[in-house]
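Here's the structure, in structure tokens; my notes come after.
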Amino acid sequence: MKLFHGWLSSASRRVRLCLAEKGMAYESVPVDLGKQEHHSEKFLAMNPNGVVPALLLDDGRPLHESSTICEYLDDLQPEPPLRPTDAYNRAVMRNFVRHTDEKILPNLLILNWSISLQPGASQWSDAELKEKLDRIPTAERREAWIRIARKPYTVEEKAAALSKLLALVEKMENMLQASPWLVAGAYSLADIAAVPFIARIAELQPDALDAASKPRVADWWERVQQRPAFTQACFERFDVALQARAA
Ligand SMILES: N[C@@H](CCC(=O)N[C@@H](CS)C(=O)NCC(=O)O)C(=O)O
């Protein structure tokens, strides 16, 4: 199978982590978001939402939504299991993943896009912007691109986004009171969902993961980074990767 993904994208990182935990072979197809490759006809045929990642199966069938892709992979190859076996804990796991999708990712996108997309986007002419917007399939993401190009997020908005992102650490500290991993004592798709956000928090505000104030999350983060899958999933530092691409 082929994974169409962004190296710095949190949703893509989640799927790369899952594939690595499973030891599954796949062809990596990086998608250049700056060049709007994710809004090309070919990509939209795999993911009508025009966001990365998308998985293309060997028989040509596509799959989108990182959480759905991860559950599919866990069904396809059950070992090692990445979901709790009992129904209640599986539901708790899904609610945590949904929380990261709905409440956390939008805030990280504000922070990431302000660094990666905004400098170039502010230079686009109205005609260029219109041409780009015409290719974006959802109103929500068109709005986000307009914001980045014409009404950059203010310092206050970015501070609010960071604060909502950091709320994840508090939530995880509470969940980790009950077990060393987020749900039901075993490493699961809930942990995998959290990793890309904690990795970014480690870059943006490392003291938020301080062992003195957040001992359980600090210890969790240490253990996550020791997993071979973490190395295999290729988490480049966001700022370093952007500089390397600009050079
Ligand atoms: N719910 C989707 C979110 C995917 C998503 O937002 N991907 C971002 C990168 S993390 C993206 O493609 N952004 C580019 C854009 O919106 O133009 C998933 O989990 O797959």
- [ ] Could you rank the peptides 169-177, 101-109 by their average count of other C-beta atoms within 10 Å per residue, with the highest value first?
- [x] 101-109, 169-177
Task: the stretch 2-76 pair-distance distribution - Cα-Cα, 5 Å bins, rounded % - done: 3, 18, 31, 28, 14, 5, 1
Task: Top positive-direction residue, dipole computed over the stretch 2-76 with Cβ charges, set T68, S9, N47 - done: S9
Open item on the list: Suppose we take every Cα in the chain and form the convex hull; what volume per residue is that in Å³?
Closed with: 128 Å³
TODO: Please report, in cubic angstrom per residue, the volume enclosed by the convex hull of the alpha-carbon atoms of the stretch 113-185.
DONE: 121 Å³
TODO: Could you go through the stretch 141-151 in sequence order and give the Karplus-derived ³J(HN,Hα) for each residue, using 6.51 cos²θ - 1.76 cosθ + 1.60 with θ = phi - 60°, rounded to whole Hz, and x for Gly and Pro?
DONE: 6, 4, 4, 5, 5, 5, 4, 5, 7, 10, 9
Task: Mean Cβ count within 10 Å, highest first, over the residues of peptides 122-130, 180-188 - done: 180-188, 122-130
Task: By average C-beta atoms within 10 angstrom, highest first, the peptides 50-60, 9-19 - done: 9-19, 50-60
- [ ] Before rounding to the nearest 500, sum -39500 (n - 2.57) across all DSSP H runs of length at least 4 in the chain and divide by the residue total; then give [θ] at 222 nm in deg cm²/dmol.
- [x] -17500 deg cm²/dmol
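Any read-out appearing in this document is the output of simple, stated calculations on the displayed coordinates, not a laboratory observation. Remember, it's a predicted structure, so these values are computed and weren't measured experimentally. Note that each Cβ is placed from the backbone with ideal geometry, even for glycine, and that neighbours are counted across all protein chains shown.
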